[in-house]
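K.L.:
Below you'll find the structure I mean.
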There are 2 protein chains.
Amino acid sequence: MHVGEVAALAGVTVRTLHHYDRIGLLSPSGRTASGYRQYAPADLERLHRVLLYRELGFPLEEVATLLDDPDADPAEHLRRQHRLLLDRLERTRAMVAAVEKEMEARTMGIDLTPEEKFELFGDWLPEEYEAEAEQRWGDSEAWAQSQRRTRGYTKDDWLRIKAEGDDVERRFAEALRSGVPADSPQAMDLAEEHRRSIQRNFYDCPPAMHAGLGRMYVEDERFTAYYERVAPGLAQYVSTAVQANAARQAG
Amino acid sequence: MHVGEVAALAGVTVRTLHHYDRIGLLSPSGRTASGYRQYAPADLERLHRVLLYRELGFPLEEVATLLDDPDADPAEHLRRQHRLLLDRLERTRAMVAAVEKEMEARTMGIDLTPEEKFELFGDWLPEEYEAEAEQRWGDSEAWAQSQRRTRGYTKDDWLRIKAEGDDVERRFAEALRSGVPADSPQAMDLAEEHRRSIQRNFYDCPPAMHAGLGRMYVEDERFTAYYERVAPGLAQYVSTAVQANAARQAG
DNA sequence: GCTTGACCCTGACGCGACGTCAGGCTGTGC
DNA sequence: GCACAGCCTGACGTCGCGTCAGGGTCAAGC
């Protein structure tokens, strides 16, 4: 195969292949009499690995040392790439969660601290996050996928939505005032309505994620303060109702 | 706040902030009498957005036009960033799936075509992949997370593992030869053993993913050929047993 | 056999997003 | 009052290519 074909196959430019040849990262294993580069199947394999490591953010020089390590067999590379990709998956998921927290905060008019906003850029320790996310969101995988529907909302929608949320809040406060238990079917129905409202308007919110939000309402003082300002005891009330509802859905 | 603090908070260097100031992407809203940069909270918010868009691969000039668009309010940015992050999540997931396919192929000594290996780098159309992945892996979310255990395998492990896999295969072939139905408890038990073997050795493999592998064994001719070479009809046999077992686990 | 047009070659310069000194001013603790 | 950390502004270096420039190659069609 010559450069053009390889470039088209791999989705890179010819110039890139020239560059990789020049710096010795990937030199084609042959040349024609007239000097044309000839790529063998093994060269393609190497290119494949190069592109994956590059995608993962390695500088080309480091890629070269990785690939030229005599102790690293193909399986070794696959395992490393697999691990790195899973790290990236986790990191992206954390960023999605952070943006969602901001969205949730914004709809309630709560300001996050600067530290909180930037925390997702800090030096990323997957193990640390893992446990936290697990606890916060439960099955954090299941909800992440289906959230693609939230795209393409217009500004007007958000006003309508805000009104809708206020309505549910008001009825929660009413239930609390008239002594309806937080784990009663009536309160759970309100919680379910709350969940469906989020689901329709903001992002897909399966019961497990909803339960996570519920916990946040009592654990994060700013969310607590938001509800407490509507009515005293409402944060705990909503939290309990939401979690009871989630348990009901799961059971 | 002055540069050093902001840099530490956001996890960037002072030089980066100088650069953003120079190119007009993020100029601090004030200076002290002696010329020190003074960053206000609003500057931090802008920086936060800058870093997220940068992380998502936008060139800085484009980031500037995005942020200076008078029609784009904060919610607009959150929605866009959310959408872009979900795209990235999907793309990373596809790459993970591709690497896993390679791993699976390698353990069976099957070569993937160059096109297949590079397909994940092609111009990425999320919708296209979505349907395919859904069909291939079922609940592709649920299994992705728990795979972090596969890290840190040594070379020796893989030899032991290969022997283990061969053993299960041999017993599958035996069951097929002696007329044990593929959806019988006995065959399903073998399938479960197969799944657990993968789970222990290669990557976490919940029933849904295992069922996906089972489908691949009959749909991808090279995997089919692998099993058929062990015994005629074995590909379909294993596939059926695996999927029956997955259904049993789910029920 | 000759042209045409697509593809290949090797320099060489340019660019984006900073890293990295150099040389000098500022602000705080002892 | 001085040491030392932290701030300033140039200015040059680096990495991973993009983008010409100037010239050779090759299969197709006339």
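K.L.:
Taking each label point as 7 Å beyond Cα in the direction of the beta carbon, state the distances from B:GLY57 to the same residue in the other copies, shortest first, in nm.
P.N.:
In nanometres, ordered from closest: 1.5.
K.L.:
Could you pull the copy-to-copy label distances for B:GLU174, with points set 7 Å along Cα to Cβ, in nm to one decimal and sorted shortest first?
P.N.:
With the label placed 7 Å along Cα→Cβ, B:GLU174 yields 7.0 nm.
K.L.:
Per residue of region A:175-192, what does 6.51 cos²θ - 1.76 cosθ + 1.60 with θ = phi - 60° give for ³J(HN,Hα)? Whole Hz please, x for Gly and Pro, Karplus curve as stated.
P.N.:
4, 4, 5, 8, x, 5, x, 5, 9, 7, x, 5, 5, 4, 5, 4, 4, 4
K.L.:
Here's a follow-up. Starting from 0.36 nm per residue, how many nanometres of slack lie between B:ARG171 and B:ARG15 once their C-alpha separation is accounted for?
P.N.:
Between B:ARG171 and B:ARG15, full extension yields an extra 49.8 nm.
K.L.:
Something else: List the distances, in nm and shortest first, from the label point of B:ALA8 to the matching label points in every other copy, placing each point 7 Å from Cα along the Cα-to-Cβ direction.
P.N.:
Distances between equivalent label points, in nm: 5.6.
K.L.:
Between B:ARG31 and B:GLU164, what FRET efficiency follows from the Cβ-Cβ distance if R0 is 56 Å, with the result rounded to 0.05?
P.N.:
Values: r = 68 Å, r/R0 = 1.21.
With R0 = 56 Å, the Cβ-Cβ based efficiency is 0.25.
K.L.:
With the crude spin-label approximation of a point 7 Å out along Cα→Cβ, what separation in nm comes out for A:ALA8 versus A:ALA75?
P.N.:
In this crude spin-label approximation the distance works out to 3.7 nm.
K.L.:
Another one. Step through the residues of region B:92-98 one at a time and calculate ³J(HN,Hα) from phi using the Karplus curve (6.51 cos²θ - 1.76 cosθ + 1.60, θ = phi - 60°), rounding each to whole Hz and writing x for Gly and Pro.
P.N.:
My calculation for region B:92-98 gives 4, 4, 5, 5, 4, 4, 5 Hz in order.
K.L.:
For B:GLU228 and B:ASP189 in one chain, what is 0.36 nm times their gap in residues minus the Cα-Cα distance, to one decimal in nm? Show your work: numbers first, answer last.
P.N.:
Numbers: separation 39, 0.36 × 39 = 14.04 nm, distance 2.09 nm.
Residue separation times 0.36 nm, minus the Cα-Cα distance, leaves 11.9 nm.
K.L.:
If the convex hull of the alpha-carbon atoms of region A:3-70 is projected onto planes in all directions, what is the mean projected area in square nanometres?
P.N.:
4.6
K.L.:
Could you compute the net charge surrounding B:HIS19? Neighbours are other residues with a C-beta less than 13 Å from the C-beta of B:HIS19; K and R count +1, D and E count -1.
P.N.:
On the way: positive: B:ARG15, B:ARG22, B:ARG37, B:ARG54; negative: B:ASP21, B:GLU61.
Neighbour charge sum, excluding B:HIS19 itself: +2.
All of the numbers you see were taken from the coordinates with simple rules; none came from a lab. Everything numeric in this text was worked out from a predicted model, so none of it was measured. Neighbour counts run over all protein chains shown; Cβ positions are idealised from the backbone, glycine included.
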